[in-house]
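Enquirer: Once you've had a glance at the structure underneath, I'll fire off some questions.
The values are calculated or read from the model by the stated rules, or taken from the named source; none is laboratory data. Model, not experiment: these values are computed from the prediction. Every residue, glycine as well, gets a Cβ built from its backbone with ideal geometry; the counts of neighbours run over all protein chains shown. For the accessible areas, the whole protein counts, side chains as well, though only heavy atoms, and no ligand, DNA or RNA atoms are used. Shrake-Rupley method; radii C 1.70, N 1.55, O 1.52, S 1.80 Å.
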Amino acid sequence: RRVVGSVEGGENTSEVFSLKETKLLDKVKRLLKRAKMPRFLHWMGPKKYELWHHLLALLIRELCRLSYRKTSALLRGLGFNCPSYSALCKVVKRVPRALWNALFNATAGFRATFIAAFDGTYYSRSSPSAHYLKRTKKKIPKTPVQVNALFDTRRKKWIALRTRLKRVHETRDLEPLLKEAPPPIVKLVVDKVADDEDTHRNLEREHHIQPYIPIRKGVVNGMYRHKHAAFFHNKTYHRRSLIESGFGKNKRTQGGSVKNRLTRTIRTEITLRYINDNINLLAAILEIFNRACAASCFLFNGIIS
């Protein structure tokens, strides 16, 4: 606990800022408990930091768009027991992908999704320096990072997520995402890119989902396409714009490009960004800074008086 007292002798002390009662720690620890994660990353050797120490630092790094060194300095300045920047780098490379997927699935803690939207977006890969490309004899990476996701239009939360470093057709990830989504889906809204007979048939027969996909011009074949076109509603389909707003919010708050180079670290970076959106970590960070400002104002008024 951090206590601020009066300047003259320090007799009347009053508690202003407590790090143990902030929503930031509650959100991270509740997420690990819901995902049934262990207390430590491994069982060998002495342990100085728990899993929530590493997860908290990595989530704040993605949200504030900082480096590992600045993230460690920021959290230590606020009073948190944070690992060093080198330890954070090693955690990102060592933690398996299944752990990050389990944490992401734990953020969708509801039973069913009434209307879900499917779409994709792209994140640019910042080019390295010309000197680095010459020494390593590599070419400029021109392929962006593709992200396809399912979005709950009622709760404004991400349900499933897949990251690709090579561009593919969006419908290739629709079937795996529906299998990975933890809650069952009743209705699905997709744009014209998924208007084909196989997609309509699989959604109804395999997943028991009512699709809302507009019909493409010039395509007249398909029994399931005509069946679903008869029950198509524009009001329901217009819920698809909410996933575009979700992508825009994610890029405005956490950036439209990725900082990592390896495939494993890029997927970890993207997953942490969407975990931040689901648990609304931005509001918890703002609470810490507001309480810190209140503590500094209290101390400043005591000095003046």
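Enquirer: From (1) open to solvent by less than 90 Å² (accessible area, probe 1.4 Å); (2) under 30 Å from R125 (Cα atoms), pick out the condition that doesn't hold for G218.
Expert: (2) is the only condition that G218 fails.
Enquirer: Note down all Cβ pairs under 6 Å where the first residue falls in the stretch 186-202 and is at pLDDT 90 or above, the second is of a type in the set (K, R), and they're at least six residues apart or on different chains.
Expert: Within 6 Å, the pairs are V189/R239; V189/R240; K192/R216; D195/R216; E197/R225; H200/R225.
Enquirer: May I ask you to list pairs of residues, at least six apart or on different chains, whose Cβ atoms are under 8 Å apart, with the first in the stretch 70-86 being under 15 Å from L58 (Cβ atoms) and among the polar types (S, T, N, Q) and the second being in a helix (DSSP H, G or I) and open to solvent by 40 Å² or more (accessible area, probe 1.4 Å)?
Expert: Matching pairs, first to second residue: T71/C64; T71/Y85; S72/Y85.
Enquirer: Can you tell which of H233, H226 is open to solvent by 20 Å² or more (accessible area, probe 1.4 Å), farther than 19 Å from R162 by Cα and touching a residue at least 12 places away in the same chain (Cβ under 8 Å)?
Expert: None of the others qualify; the one that does is H233.
Enquirer: Does the stretch 213-266 hold any residues that are closer than 16 Å to N278 by Cα and among the β-branched types (V, I, T), and which are they?
Expert: Selection gives I243, T253.
Enquirer: Is it true that K142 is open to solvent by 20 Å² or more (accessible area, probe 1.4 Å), more than 30 Å from I243 (Cβ to Cβ), of a type in the set (K, R) and at pLDDT below 90?
Expert: When the stated conditions are applied, K142 does not pass them.
Enquirer: Same structure, new question: Can you pull out every residue in the stretch 169-192 that is open to solvent by less than 50 Å² (accessible area, probe 1.4 Å), aliphatic (A, V, I, L, M) and within 16 Å of Y212 (Cβ to Cβ)?
Expert: L174, L178, I185, L188, V189, V190, listed by residue number.
Enquirer: Right, here's the next one. Only one of these is under 30 Å from R264 (Cβ atoms) and at pLDDT 90 or above: P176, P183. Name it.
Expert: Matching residue, one of P176, P183: P176.
Enquirer: Moving on. From K48, K23, grab the single residue that is modelled with pLDDT under 90, open to solvent by 70 Å² or more (accessible area, probe 1.4 Å), in contact with a helix residue (DSSP H, G or I) (Cβ under 6 Å, 6 or more places away or on another chain) and not polar (S, T, N, Q).
Expert: K23
Enquirer: Continuing with this model, one more query. Can you tell me which residues in the stretch 51-101 are open to solvent by 30 Å² or more (accessible area, probe 1.4 Å) and among the aromatic types (F, W, Y)?
Expert: W52, Y68, Y85
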